[in-house]
Structures are given as structure tokens and as C-alpha cells.
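Notes follow once the structure below has been shown.
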Amino acid sequence: MSIARAIDTLILMSRYLFKRLSAAIPTLFIIITAAFFLIHAAPGGPFDQEQRLPSQIVANLDTAFGLNQPLSVQYVRYMVALAHGDFGPSFKYKDYSVTELIVQGLPVTATLGVLAMLVALSFGVMMGTFAALRHNTAPDQATMLLAVIGIAVPSFVLLPFLGLIFGIYLHWLPVAGWESGSIRHLILPVFALALPPMSAIARLTRSNMLEVLRTPYVRTAFAKGLPRYLVIIRHALKPALVPVVGFLAPAVASILTGSLVVESIAGLPGIGRYLVQGALNRDYSLVLGMVILYSTVLILMGLVVDLLYAWLDPRVRLN
Amino acid sequence: MQPVLNIKQLDVKFKQSTGVVHAVRQVTLSLGLGECLGVVGESGSGKTQAFMAVMGILEKNALVQGSIQFEGREILGASPTTLNRIRGAKLTMVFQDPMSSLTPHLTIGTQMAEVLVVHQKESWGNAERAALQMLDQVRVPEAARRLKCYPHELSGGMRQRVMIGMSLLCKPSVLIADEPTTALDVTVQAQIIKLLQEMRAELGLSLVLISHDLAIVSGLADTIAVMYAGRIVEQSSGGNIFQHAKHPYTVALLKCTSDLASPRLDRLPTLQGFPPDLTQELPGCDFAARCSRASEICRRVRPELSAATFEYRSLDAQSAHPVACHHPYES
């Protein structure tokens, strides 16, 4: 009986995943098309520099990269190559393909991003719950003050400040560098990246937890004689997390954009800088490659969010 | 004989930004073994707050004074750990709204079983088996399937049966039912009342039935306490209250009971005016402003409940009939 039910759930789940993932393809198609024409509409090209190249060389380069062709032809050629998994060569980083650049830097950015997300979620939820349980007391107000600071202070201020204290004055942690991802080098950047979403999650958790603590079912749980920690963990936490889950996609976006700043300041070899630099350099293929990567991450995050909703609340149906 | 639950001079106050709300005032009640006590009053009369105080589940801003003895032990002011050994096991409560009183993301089985896991250190497997038996006992059809259901998959009446079953798992000596039928439709109401009656007989429960509906209470209760503005204004056996109500408030409440058999009225009878502001202390009777029999003295001097320590068993049930009124109706 329960095995049959589990198989049913599995079939339902895979059917749902298949449906959602196939729905992502037209979304991605529209994003790529819009990004393609937008970046090409920007004035200038990848080979415009302060010191002008001889026009013959520019013409040769344009021919070599196919930039002398009509835009529609370039678009079709790009999409066909893309369909074969080829993101094209970078215009700026000579001898590198976009795929190579991303594959090199992605582990750094992904490590940073995933760790920051985990820190933001776990500490944010703990801080929010802690504050809610001590509603209107000094610890509550201190936690919320910290959260406001975390939201207000940008990472390009926070990271140098932390580096100054923990790196230069206290000599506890390195100020910058990667050292193939040693934990000591990761702590400050991860924390700087995690702080804004962590603060937002703490505030969200607190206000929702306060609401849930006043519901009749939490009163029932207390009336059943359950110890307080069981009431919180088993009865109150899941419903209090529902709005937090809704914040996950914006949090991922904030971490993706934040990694640009943090990686530059801490000198990390990630991909955070490629999107903005690529756009400034008119490195068309690199920008498009980054757009595709970030959109895919955000679309997948949307899917994860919906699955989490269903896990948190059995009244949500997946279809 | 020692009562199971003995409440003496209970006061409940809530500190709010607008002032102190004095919700329960000098309430003295006792409940004997196997007895059923009905507590009647309109919304805001303090009937629910008084028993939330007994369970120790009032909001944090509540200040509770007086004495609450359960099975001879003082439980007012007891630590949560001490209270947690009693509530949910020996002293249980069923709430008004079964729609929102069960946790939405846990199955019925989990919510019932955890009571036994926590109180009797049962394994989850044994606890679920006991929960299954209990669902049968409270007449939930297809109990095995319901055990795996989430609350939203059950009807309101079913959920209230689950709530009642959950409160009976540890064989409590006192069950407090707070408006157990108010959120249900009329036919289901009757079934739930019948269930409470049966459970009381089967398990020898002492029952507190809180309701605004005199008709529902009178069918079950041995004694009825009528509350108004946080105070008990009249207390007697069910029959006495119905046939020989003394307090003008009780009489007015009885007039408001709709009767399908009587001729159709253009307007349903209602009580004129509003209950008093509970942040204020009136010198006289709280009901004077709405009372047709009120005189000068009612506004100046508060009438005391005529037998302040009313104990059902110690007096002749038919004759004991305290009332807090200067001009009671004579029977």
C-alpha cells in the first residue's frame, strides 16, 4: 500500500519535472534572443579600443568572427551552434572559448555561492526563530538591528572592513586570494556575500514565526503538553518557512550579482566579473554565455522553490 | 469528596497598550470526579480565558492570580516542565475551531501518536496503533486510511472527532471542551455532543463544557455556571437554570434561545446594549446598564455571589443556587 503510494508519487514527480523542464526551453529561447539583439544593439564592437587598429585588421577580424554578416545571419548561426552545445569563442580573451572560461571559473563562483546560500539560510532561519521566541526583548531588538545593518551595508563596504579587522589587525584570516579554495580564504567572502540575504531571511522568519506562534494549532500543540522545542521544530517551523522559500529565488539573484563585487575585491578567479566586463567589452558570446548560465540557475531555482512549497505544505499540489 | 479540579478566586488580566483588560474576575469553580460542568456566557465573558489559564496556554501578556488545584495539587504558577506532565495527558482541552486547531503539515496519525510518544514514552509504532484504536472508538470511519491523511483532507466533524480522540489518548481525568460544536453545522453538532456523552460514560471523564449555547450545555451538564463580564453571576443544576433562572442576565439569555416550535417572529429576541468595557472597574453590578430590574443600589454596590464557595457535592444539588443579584427573579 505504502510502496504503491511511493511509486505513484515518483511517477507524478517525474512527470511534473519533465513538464516544468520542457516549459523552461521556450523561456530560455526568449531570454537568449532578447539578450542577443540587445547586446548587438549597443554601439561599438569587441575590437574598438582606445588605440585604433588599422581598418584592414578590424575588417579581417570582423570577417574571421563573422561580424560582417547581417545580424539575422549571425543570430541564426549563433543559435545553430548553441544547439550543438557550442557557446562560441570569446572575443576578448584570445584563444579561450566561452565554455572554457566558464568551466574554469564556475567552481569558484559556485563554491562561494552555494556556501553563502547555506550560511544565509541556516543562520537567517536560526536568527529569525531566536528573535521571535524573545519577541520585544533586548536580544530580539539586537538581532533585528544586526539584520537591518546586514541589509543596508553593501558588500563592497563590508568585505574591506572585515578584511581590515580580521586580516590586517587581528591576523586571523587572509584578506584576499583563493589558494584553491582553502576554508580560511573562503570565510570572509562567503560571509560578505551571505550577509544581505541572511538578514532578509532573518527578518522574514521572525515575522512569520511570530504569526505562526499565535495560530490555534500551535496552541493545541502546547495544550498537548509538548516541550517547547518540539512545538517549534515539529509544528511551527515548516509553516513559518513558507514565505522564506518564496525569497530563495531573489536571494540567489542577489548572491549571483554580489559575487561580481566580492570576487573582484577578494581577488577570486570566479566568473562573477564576466557578465559586466563582457558587456563593457562587447564580448558578445561571453555575455550571452553568462546570460544563459544565470537564467538557467534562476529557472532551476524557481523549480526548487515550487518543490519546496509542496514539501512544506501538503495542501499544495504539484500540477 | 475532593474535587478533581478546584479553581479559587481566579483573576486573569491582560496588559495592553490601551490599559489592563480584566478578563476573568474572582472565578471560583469546582469539578467533581465524573461530573460535567457547563460554563455559559456570551463572547468576551471570560469563559475561555479562565480555562486557558487552567491549561497554562494564555498569551505572554496575561497575568493570572488565584488558585488552580488539579487532583489536589496547585498548578497555577507551576513550571512548564511540571505542567507538561499533566496537560495533554491527565488534563486535556478540545478547541472551538477544528479547521485551524490541527497542524496542517502533519498527518493525523503523527499528531495523535506524538501525544503517547511524549507522555508515555511509547514507540511511534505502538503509539500509531493506539491512535488507530482511538479513532475507531471516537467513531471515525475508515480509521486506518484517515491516520495517513492530513487535516485538510477531513471534514470539520471528522477533525473534531480527531481532536477529541487525541485528547482522550492518555485517559485524562478532566477534558475541557471549549465550544466544541460552534464551528460545525447543526447535525454534526448533535453527533459531537453525543460522542462527548458516550466518552464521558465509557471513560468516567470529568467534563468542562464551555459554550454560549444554553441548550447544548443543558443536555450534558450536571451544573451550569453563567458568566458575565468575567464573573460568575449564577450557578446551579441544569434544570434549575432552565426553569427557575434567577439572574436577569440568565433570563435574558434564555429568551434569546431560538425555538423552532414557537410561532415565527419578525425579529429574533436579542440582548440590548453591549457588555461593559473590561478595562474599567465598575463599582456596582456589571449588568446594571442593560438590566430591566436595575435600581439605584445596583449601580453603587456590587452584588456578591450568594454562596461564594459553591461546591456541588457538598450541598443538595437542587437547592444550591447562588446568584449575584440585588433583585433576582424568585422561583
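The values are calculated or read from the model by the stated rules, or taken from the named source; none is laboratory data. Computed from a predicted structure; not experimentally measured. Cβ: placed from backbone, ideal geometry, glycine included. Neighbour counts: every protein chain shown. Accessible surface is based on the protein model in full, side chains and every heavy atom, while ligands, DNA and RNA are left aside. Shrake-Rupley method; radii C 1.70, N 1.55, O 1.52, S 1.80 Å.
Taken as a whole, the condition of being under 25 Å from the mean Cα position of the chain (by Cα) and away from chain B (no Cβ under 14 Å) applies to A:Val190.
Applying a threshold of 6 Å to beta carbon distances and a minimum spacing of six or more residues, or different chains, the list of pairs starting in region B:92-107 at a residue that is more than 7 Å from chain A (Cβ to nearest Cβ) and open to solvent by 10 Å² or more (accessible area, probe 1.4 Å) and ending at one that is at pLDDT below 95 and assigned to a strand (DSSP E or B) reads B:Gln96/B:Asp178. Summed over region B:35-55, the residues that are open to solvent by 30 Å² or more (accessible area, probe 1.4 Å) and touching a helix residue (DSSP H, G or I) at 6+ places or on another chain (Cβ under 8 Å) give a count of 1.
Taking every residue in region A:70-93 that is among the aromatic types (Phe, Trp, Tyr) and pairing it with any residue that is open to solvent by 30 Å² or more (accessible area, probe 1.4 Å), at least 6 positions away or on another chain, the pairs with Cβ-Cβ distances below 6 Å are A:Phe87/A:Thr99.
Put simply, of B:Ile210, B:Ile224, B:Ile232 the only residue that is open to solvent by less than 40 Å² (accessible area, probe 1.4 Å), modelled with pLDDT of 90 or more and within 21 Å of B:Ala183 (Cβ to Cβ) is B:Ile210.
Only one of (1) touching a Ser or Thr at 6+ places or on another chain (Cβ under 9 Å); (2) open to solvent by 10 Å² or more (accessible area, probe 1.4 Å) fails for B:Leu58. Which number is that? (1) is the only condition that B:Leu58 fails.
Would you check which residues across region B:133-154 are open to solvent by 30 Å² or more (accessible area, probe 1.4 Å) and under 22 Å from B:Ala201 (Cβ atoms) and list them? Full working, then the answer.
So in region B:133-154, the residues open to solvent by 30 Å² or more (accessible area, probe 1.4 Å) come out as B:133, B:136-137, B:139, B:141-142, B:144-146, B:148, B:150, B:152-153.
The answer is B:Gln133, B:Asp136, B:Gln137, B:Arg139, B:Pro141.
Exactly one residue out of B:Val40, B:Val12, B:Val64 is more than 20 Å from B:Cys285 (Cα to Cα) and among the aliphatic types (A, V, I, L, M): that is B:Val64.
Select from region A:262-302 the residues that are in a loop (DSSP other than H, G, I, E, B), of a type in the set (D, E, K, R) and open to solvent by less than 30 Å² (accessible area, probe 1.4 Å) and list them in ascending order. Show your work before the answer.
First, the residues of region A:262-302 that are in a loop (DSSP other than H, G, I, E, B): A:267-273, A:281-283.
From what's left, of a type in the set (D, E, K, R): A:273, A:282-283.
Residue satisfying the conditions is A:Asp283 alone.
Criterion applied to B:Ala113, B:Ala130 was being open to solvent by less than 10 Å² (accessible area, probe 1.4 Å), away from every other protein chain (no Cβ under 11 Å) and under 23 Å from B:Ile86 (Cα atoms), and the one residue passing it is B:Ala113. Report, by residue number, each residue of region B:3-54 that is hydrophobic (A, V, I, L, M, F, W, C) and assigned to a loop (DSSP other than H, G, I, E, B). B:Val4, B:Leu33, listed by residue number.
Residues that are at the interface with chain A (Cβ under 8 Å from one of its Cβ atoms) and β-branched (Val, Ile, Thr) within region B:116-127 comprise just one, B:Val118.
Residue count for region A:27-57 satisfying the condition of being free of Cβ contacts under 8 Å to residues at least 40 places away in the same chain and under 22 Å from the mean Cα position of the chain (by Cα): 3. When A:Ala24 is tested against (1) at pLDDT 85 or above; (2) assigned to a helix (DSSP H, G or I); (3) over 30 Å from the mean Cα position of the chain (by Cα), just one condition goes unmet, and that condition is (3). Can you confirm whether region A:223-243 contains a residue that is away from chain B (no Cβ under 14 Å), in a helix (DSSP H, G or I) and surrounded by fewer than 20 Cβ atoms within 10 Å (Cβ to Cβ)? Yes; the residues of region A:223-243 include at least one that is away from chain B (no Cβ under 14 Å), in a helix (DSSP H, G or I) and surrounded by fewer than 20 Cβ atoms within 10 Å (Cβ to Cβ). When A:Pro26 is tested against (1) more than 18 Å from A:Gly289 (Cβ to Cβ); (2) open to solvent by 80 Å² or more (accessible area, probe 1.4 Å), only condition (2) is not met. The set of residues in region B:295-306 being over 19 Å from B:Met227 (Cβ atoms) and assigned to a loop (DSSP other than H, G, I, E, B) consists of B:Ser295, B:Val301. The set of residues from region B:133-172 being more than 14 Å from chain A (Cβ to nearest Cβ) and among the acidic types (Asp, Glu) comprises just one member, B:Asp136. Among residues belonging to region B:58-75 that are free of Cβ contacts under 8 Å to residues at least 24 places away in the same chain and in contact with a strand residue (DSSP E or B) (Cβ under 8 Å, 6 or more places away or on another chain), point out the one that is nearest to the other protein chains (Cβ to nearest Cβ). For region B:58-75, the residue satisfying everything is B:Ile75.
Restricting attention to region A:172-183, does a residue exist that is away from every other protein chain (no Cβ under 14 Å), part of a helix (DSSP H, G or I), surrounded by fewer than 21 Cβ atoms within 10 Å (Cβ to Cβ) and at pLDDT 90 or above? No; the residues of region A:172-183 include none that is away from every other protein chain (no Cβ under 14 Å), part of a helix (DSSP H, G or I), surrounded by fewer than 21 Cβ atoms within 10 Å (Cβ to Cβ) and at pLDDT 90 or above.
Meeting the requirement of 1 or more residues that are open to solvent by 60 Å² or more (accessible area, probe 1.4 Å) and touching a Leu at 6+ places or on another chain (Cβ under 9 Å), the helices (runs of 4 or more DSSP H) wholly within region A:78-170 are A:98-133, A:138-152. Taking A:Arg214, is it surrounded by fewer than 16 Cβ atoms within 10 Å (Cβ to Cβ) and within 14 Å of chain B (Cβ to nearest Cβ)? In short, yes. Taking residues in region B:224-235 that are outside any strand (DSSP E or B), and partners anywhere that are of a type outside the set (Lys, Arg), the pairs with Cβ atoms closer than 6 Å and at least 6 places apart or on different chains are B:Ala229/B:Pro275; B:Ala229/B:Pro276; B:Ala229/B:Asp286; B:Gly230/B:Ala23; B:Gly230/B:Val24; B:Gly230/B:Gly46. In the set (1) surrounded by 21 or more Cβ atoms within 10 Å (Cβ to Cβ); (2) more than 30 Å from B:Gly239 (Cβ to Cβ), B:Val64 fails one condition alone, (1). Residues that are among the basic types (Lys, Arg), farther than 30 Å from A:Trp311 by Cα, at the interface with another protein chain (Cβ under 8 Å from one of its Cβ atoms) and surrounded by fewer than 21 Cβ atoms within 10 Å (Cβ to Cβ) do occur in region B:77-86.
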